[in-house]
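*Asks:* Structure in structure tokens, see below.
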Amino acid sequence: MIKYILCCALFLSPVTFFGGSRAMASLKFELSLSPIVSNTPLTGRMFLIITRSESPEPRLQVARYGPQILGIDVEQLTPGKAVVIDGRTLGYPIKTLEDLPAGEYYIQGVFNKYTRFNRSDGHVLWMHMDQWEGQNWRRSPGNFFSEVQKITLDPKKKQTIQVQATQVIPPIEIPEDTKWVKRIKIQSDMLTAFWGHPVFIGATVLLPEGYDQHPDVYYPTVYEQGHFSLRSPFRFERDENLTTSWKGHNFPRFIAITIQHPTPYFDDSYAVNTANNGPYGDAIHQELIPEIERRFRVIREPYARVLTGGSTGGWESFALQVFYPDFYGGTWSFAPDPLDFRNVEGINIYEDVNAFYKVHDWYTVPTANTRFHTNGEVRLTSEQRNLMELTHGTKGRSGQQLDIWSAVHGPVGDDGYFKPLFNKRTGEIDAEVAQYWKENYDLRYHLEKNWASIGPKLVGKLHIISGQMDNYYLNVGVYHMEAFLEGTRDPYYAGSITYGARGSHGWRPYTRSQLLQIMAEHITKQAPPDAKTQAWKY
């Protein structure tokens with residue numbers, strides 16, 4: 001039997017579960033770091049993954065609906081010192097080892113390294129520094145992991161299992177530039193100053209057919225927003241329909257761009273200035289985009305800059321159009337994250353007193369977080385989803401969805417980490433934090449409050465596409481946004497909202513090629529009279 005020790009310094013006070021304290025189980029794991037992988041004390045979070053299958057290796061099976069994981073914070077861990085994971089350690093989807101069914105399993109340990117950030121606001125934070133993997137501790141270069149071990153577990157019997165991290169995740173391999181795809185990565189002075197540590201942002205640029213053969217042509221740009229990825233925009237190499245259109249004749253020529261902007265909280269900053277993440281909006285618009293426009297022949301006019309994206313990218317593309325109405329000429333936002341905070345994956349942050357359940361007179365009902373779009377069956381409750389996030393990381397360091405929303409939309413807490421919208425253990429909502437969310441990032445409320453000044457700049461520019469059976473209930477925010485936009489006057493918004501009657505989170509009414517043609521028509525229509533729009537339609 002192979003042994004692994006994942007060593008971690010500990011915050012080993014007894015864990016209090018949602019239902020109270022539980023005694024230590026007989027089954028325990030001792031995890032440590034081998035001196036081979038580290039010879040200095042480290043702060044971070046230690047994970048134990050327990051799976052029923054060997055392939056892919058357990059750490060790569062971890063997901064929203066993945067296998068059993070347990071996690072514990074460690075502080076200044078020295079090599080060889082054991083960290084104990086036992087019945088007191090919080091886990092997901094099963095809260096405690098005591099409730100794990102007896103049987104044969106595969107186990108693996110992973111240590112997620114944290115970096116010290118001396119932030120410009122005076123706070124000192126320990127968080128994971130992205131290594132250009134997209135804030136993913138399972139794959140992050142420099143993190144440590146053990147080999148996979150097959151064992152028989154019985155939580156009712158006394159058993160101690162040692163797990164040692166002996167391997168290091170290697171650096172990310174950056175794809176090489178090609179004729180079509182180019183990449184940029186720069187250190188942001190603004191973000192580096194905010195975090196007190198070097199912070200990088202970047203872009204992947206897809207050039208149009210004939211770019212080199214038409215040196216005098218300048219092109220419109222489409223910014224595709226979304227989660228961190230080093231793939232080419234619009235899945236250029238993978239979408240055969242798009243690739244054929246892009247290279248074909250008489251297709252509108254764009255320079256398509258995706259932006260990389262991971263933060264210590266998430267794989268994506270949401271592209272706006274925030275109290276917890278820093279000035280990402282300024283960094284993107286004052287540092288990165290000017291560099292893109294310096295290197296490539298883009299039309300540097302608002303009418304020729306358009307936006308799109310789905311989910312996280314759906315919110316970003318809509319928010320950027322709203323917050324920078326003079327910079328962009330239109331957005332097509334698919335399945336956007338909550339545009340109105342009366343439904344944040346099931347939570348009404350203004351009316352609910354608890355994020356985990358709804359109160360209906362004499363009875364309470366668990367708040368649904370995720371559903372199957374085919375029949376509406378609930379797949380995860382809000383409490384389950386937040387248990388998963390808390391297992392991945394305390395103080396908002398899970399790298400997961402609810403935590404990044406709190407980091408983006410919320411204020412800074414007394415300890416320097418974000419002040420949470422609700423207690424991750426009890427679900428109790430903080431009404432003051434909810435009001436902060438509303439005043440700063442509720443996009444429907446922002447438009448309503450400021451329509452007289454920004455409405456004239458947004459006429460014809462706002463386009464939302466949503467399935468009405470969105471798996472995360474994001475269509476509800478679209479309904480609220482639609483109610484406001486359709487009621488606008490002086491001016492009327494003159495955009496569009498398109499629904500798929502039984503559409504899921506990934507529902508799309510048209511292909512990427514068709515979307516680009518729609519954008520080209522929009523750009524041509526709003527271009528100034530002297531614009532040479534035929535130049536990029538060869």
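*Asks:* Give the long-range amide H neighbours of VAL298: residues separated by 5 or more places, or on another chain, with amide H under 5 Å away, using H modelled in the peptide plane at 1.01 Å from N.
*Replies:* TYR219
*Asks:* Follow-up question, since we're still on this one. Residue separation times 0.36 nm, minus the C-alpha to C-alpha distance between HIS249 and SER120: what's the value?
*Replies:* Working it through step by step, the gained length comes to 41.3 nm.
*Asks:* Continuing with the same structure: Residues of segment 203-245 with the amide nitrogen closer than 16 Å to a label point 7 Å from the Cα of GLU301, along Cα-to-Cβ, please.
*Replies:* From segment 203-245, the list is 217-222.
*Asks:* Turning to a different aspect of this structure: Working from Cα positions, state the angle (0 to 90°, nearest 10) between the long axis of helix 443-458 and the longest principal axis of the chain.
*Replies:* 20 degrees
*Asks:* Between ILE454 and ILE36, what is 0.36 nm times their sequence separation minus the Cα-Cα distance? Round to one decimal in nm.
*Replies:* Fully extending the segment from ILE454 to ILE36 adds 144.6 nm.
*Asks:* Counting other beta carbons within 10 Å of each residue's own, what order do PHE234, PHE29 fall into, fewest first?
*Replies:* PHE234, PHE29
*Asks:* Follow-up question, since we're still on this one. In the chain, how does Rg compare with the Kirkwood Rh, expressed as the Rg/Rh ratio over alpha carbon atoms?
*Replies:* For the chain, the value is 0.99.
*Asks:* Can you give the Kirkwood hydrodynamic radius for segment 172-225, in Å, rounded to one decimal and based on Cα pairs?
*Replies:* Evaluated on segment 172-225, it is 13.7 Å.
*Asks:* Work out, step by step, the length gained on full extension between GLN468 and VAL365: first 0.36 nm times the residue separation, then minus their alpha carbon distance; give nm to one decimal.
*Replies:* Stretched fully, the GLN468-VAL365 segment lengthens by 34.8 nm.
*Asks:* Tell me, what is the FRET efficiency for GLU351 and GLU439 to the nearest 0.05, using R0 = 25 angstrom and their Cβ-Cβ distance as r?
*Replies:* According to the calculation, E is roughly 0.90.
*Asks:* Now for a different question. What is the distance in Å between the Cα centres of segment 198-254 and segment 467-532?
*Replies:* Using only Cα atoms to place each centre, the spacing works out to 21 Å.
*Asks:* Follow-up. What does the charge count around MET481 come to, taking other residues whose C-beta lies under 13 Å from its C-beta (Lys +1, Arg +1, Asp -1, Glu -1)?
*Replies:* -4
*Asks:* Using only Cα atoms, find the angle between the long axis of helix 431-441 and the longest principal axis of the chain, and express it within 0 to 90 degrees, rounded to the nearest 10.
*Replies:* For helix 431-441, the angle is close to 30 degrees.
*Asks:* While we're on this one: Can you sort VAL168, VAL478, VAL74 so the residue with the fewest Cβ neighbours within 10 Å comes first?
*Replies:* VAL168, VAL74, VAL478
*Asks:* Where in segment 480-533 are there chymotrypsin sites (Phe, Trp or Tyr not before Pro) that are in a DSSP coil and have at most 13 other Cβ atoms within 10 angstrom of their Cβ?
*Replies:* Answer by residue number: TYR492, TYR510.
*Asks:* I would also like to ask the following. Using only the alpha-carbon atoms, how far is helix 312-323 inclined from the longest principal axis of the chain? Give it as 0 to 90 degrees, nearest 10.
*Replies:* Long axis of 312-323 versus the principal axis of the chain: about 50 degrees.
*Asks:* In addition: Less than 15 Å Cβ to Cβ from ALA452, Lys/Arg counted +1 and Asp/Glu -1: what total charge do the surrounding residues give?
*Replies:* +1
*Asks:* Given the DSSP H assignment, sum -39500 (n - 2.57) over each helix run of at least 4 residues in the chain and divide by its residue total; what's the result at 222 nm in deg cm²/dmol, nearest 500?
*Replies:* Calculated at 222 nm, the ellipticity per residue is -6000 deg cm²/dmol.
*Asks:* Checking the table LYS247/LYS532; LYS113/LYS157; LYS247/LYS461; LYS95/LYS424; LYS424/LYS449; LYS113/LYS150 against a 24 Å threshold on Cα-Cα, which pairs fail?
*Replies:* LYS113/LYS157; LYS247/LYS461; LYS424/LYS449; LYS113/LYS150
*Asks:* What distance in nm lies between label points placed 7 Å from Cα along the C-beta direction at GLU173 and GLU293?
*Replies:* 3.7 nm
*Asks:* With a 10 Å Cβ neighbour count serving as the proxy for reagent exposure, in which order, fewest first, do SER55, SER269 appear?
*Replies:* If I rank by nearby Cβ atoms, fewest first, I get SER55, SER269.
*Asks:* Could you check the spin-label model distance between GLU54 and ASP154? Points 7 Å from the Cα along Cα→Cβ, value in nm.
*Replies:* For the pair GLU54/ASP154, the computed spacing is 2.4 nm.
*Asks:* Rounded, prolate or oblate: which fits segment 194-252, taking a ≥ b ≥ c as square roots of the Cα gyration tensor eigenvalues, rounded meaning a/c under 1.5, else prolate when a/b beats b/c?
*Replies:* oblate
*Asks:* In debye, nearest 20, what is the charge dipole magnitude of the chain about its Cα centre with +1 on Lys and Arg Cβ and -1 on Asp and Glu Cβ, if you could check?
*Replies:* The calculated dipole for the chain is roughly 980 debye.
Readers should treat all values here as calculations from the given coordinates under stated rules, not as data from a laboratory. Quantities reported herein were computed from a predicted structural model and do not represent experimental measurements. With ideal geometry, Cβ positions are generated from the backbone for all residues, glycine too; neighbour counts draw on all protein chains shown.
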